[in-house]
1. Considering the zone a paramagnetic label at B:L44 would reach in this model (a point 7 Å from Cα along the Cα-to-Cβ line), which residues of the stretch B:171-211 have amide N under 13 Å from it?
2. Under 5 Å between amide hydrogens, which residues at least 5 positions from A:Q82 or on another chain qualify, with H placed 1.01 Å from N in the peptide plane?
3. At 1.4 Å probe size, what's the solvent-accessible area of A:W242? Round to the nearest 10 Å².
4. Based on alpha-carbon centroids, what's the gap between the stretch A:216-268 and the stretch B:30-92 in Å, whole number please?
5. Label A:A11 and B:E321 with points 7 Å out from Cα along Cα→Cβ: what is the distance between them in nm?
6. May I ask you to derive the FRET efficiency for B:W51 and B:L25 from their Cβ-Cβ distance with R0 = 41 Å, giving the value to the nearest 0.05?
7. Would you mind checking which residues have amide H under 5 Å from A:V214's amide H? H placed 1.01 Å from N; only 5 or more apart, or other chain.
8. What does the buried accessible surface come to for A and B, summed over both chains, with the probe at 1.4 Å? Round to 100 Å².
Protein chains: 2
Amino acid sequence: MEIKAYAANEAKGPFEPFSYDAGKLGSDEVAVAVEHCGICHSDLSMLNNDWGRTSYPFVGGHEGVGTIIWKGSAVKHLQLGQKVGVGWFAGSCMHCRECMSGHHNRCGRAEETIVGRHGAFASHVVCKSEWAIPLPASLDASKVGPLFCGGLTVFNPFIQNDIKPTQRVGVVGIGGLGHLALQFGKAWGCEVTAFSSSPDKGDEAKKLGAHKVVNSRDPDAVSKIEGTLDMVLVTINVGLDWQTYVNALRPGGVLHFVGAAPQAEFVPFQLIAGAKSISGSPLGSPATAGDMLEFCARHAIAPVTEHFKMSEINEAFEHLESGKARYRIVLDQDLN
Amino acid sequence: MEIKAYAANEAKGPFEPFSYDAGKLGSDEVAVAVEHCGICHSDLSMLNNDWGRTSYPFVGGHEGVGTIIWKGSAVKHLQLGQKVGVGWFAGSCMHCRECMSGHHNRCGRAEETIVGRHGAFASHVVCKSEWAIPLPASLDASKVGPLFCGGLTVFNPFIQNDIKPTQRVGVVGIGGLGHLALQFGKAWGCEVTAFSSSPDKGDEAKKLGAHKVVNSRDPDAVSKIEGTLDMVLVTINVGLDWQTYVNALRPGGVLHFVGAAPQAEFVPFQLIAGAKSISGSPLGSPATAGDMLEFCARHAIAPVTEHFKMSEINEAFEHLESGKARYRIVLDQDLN
């Protein structure tokens, strides 16, 4: 199968028209005609080879939404013409203990959509069928792309930490991930506190679901809510005074990282005294992704998106780098 | 009530005969005639005022076992003559959210048996009735004292982290706490790995329940079991290369501290990649203490003890400080 795409030929390089032959597809794979694809901050990290994991030509895009136009002979549960989303993962081994326990996102041999293979800034993207997640009919396909990486990343901590609607949740960083976490927390039934370093985001945070807004960089403000939160979900990748945030937890509470913040310090006694924990998680499983989509449909949760044509991919990345995206950029297909 | 005791009059000072009037006891309190009392490392920390929380004269002792000889008018669930144990806590408020949720050990107003009050290196110790934990008849009262602090501290993490018998547990430090954790882990049905810096403790660790023994200070040895453990329970209060231990966890695993190890570093990405966590806990609740005693009776779990007379308290503390106690010292009453 011949696939048209946009690829960068070097770190930080511009995306340019590119095409490649996807070769013979596997019996457990599907090919998806991409209609929309979100841009995630990790597309930028991969473009720039920040993690030393990028190969060039690099085709990013791991928040793709589209229609199945081909499926392998072993794929029985998906149909041609069905709408699906493809996120960070494009395959799991399906047989290890993690996969067999429903934790396909923890599979040691999981394939990542844009690592060592080509992503969804393209006419088509290929993945193994378990990671092609069917869209509920009531969701707007043009907006949901960001759910498949950003959304799943912040939905999963509610599942993993067994958060109850009676509990109180904080969200640090009101951006692409955080603006979805606020919506999830509100619909989950929780009291939601937004932590942001941008005071001007306060009103927006409240519209998205926050009951309270706290300046994330003001330790005095964070100290004032000592002992009140059951989960603080950290979506940023910069360092803050995390000990103040551990103090903000109620007994039994958890400081949960989904953003790769820098190495930091912890004080065992601080965790011991209040039976607290510090944790993290990588996206979520396909089953959790399905539950997330159903939850979004039920509660009218959607990413707040800005749209560019796929041919405007370089302008879109400039907008992302400017830090002004509110809150998630989606590329709409015009390659075909 | 006049109580005979041993008290230190200054930090690091020797214990000397001492007596005090317990005054009028509360309607929700009981007085316990102490028959045996374990010595915990935190008695030594308090004696030395390591935590700046000690007042003198200081009467330590928070692993007391004995007989109820007086109870307040509101105490209906305990009987005169009943055998009970009294541990680190001597009272909880009974009305805050934590107490009302069964987490009396997380109560912000909990009284600690040897902080601002006198402990069980004495003829009698007084506590509020909720923390006088009844002994099952089949347990040997002379040996169980150490369960009420050391034992409960390492039993609670199995409850708090919802450890399953199919899982694999590591125990760092094979001393007063660790030797009980090994027994709990074995009886829990888990595979148990002992981490010790003393190679000569290997055979003993296996007798206590360990299936495997790893040198805790050899990062290469710890690296060899990468990705294999569901919980690593840290009972020591010194620093180790904790990142190697996080690597030793399976996806979803937890590095759990009950010893006040020094401040250390964590890498958020390391937690994110494997959905791992770092946590801690303070002892356990009265309900958990009761479950622990029943579990000990069912599985013939007991502390390995060395005995001194209570009048030999200073010799007993010297033995504790020498680091040679195997594994827990108990003082047998001879004050009366």
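1. Answer for this model: B:175-177.
2. A:I68
3. That residue has around 10 Å² of solvent-accessible surface.
4. 36 Å
5. 5.7 nm
6. My answer for the efficiency is 0.90.
7. Under 5 Å from the amide H of A:V214: A:A194, A:F195, A:S196.
8. Counting protein atoms only, the buried area is about 2700 Å².
The values are calculated or read from the model by the stated rules, or taken from the named source; none is laboratory data. Fair warning: this is a prediction, and the values are worked out from it, not measured in the lab. Cβ: placed from backbone, ideal geometry, glycine included. Neighbour counts: every protein chain shown. Please note that ligands, DNA and RNA were not included when accessible areas were found on the heavy atoms of the full protein model with its side chains. Shrake-Rupley method; radii C 1.70, N 1.55, O 1.52, S 1.80 Å.
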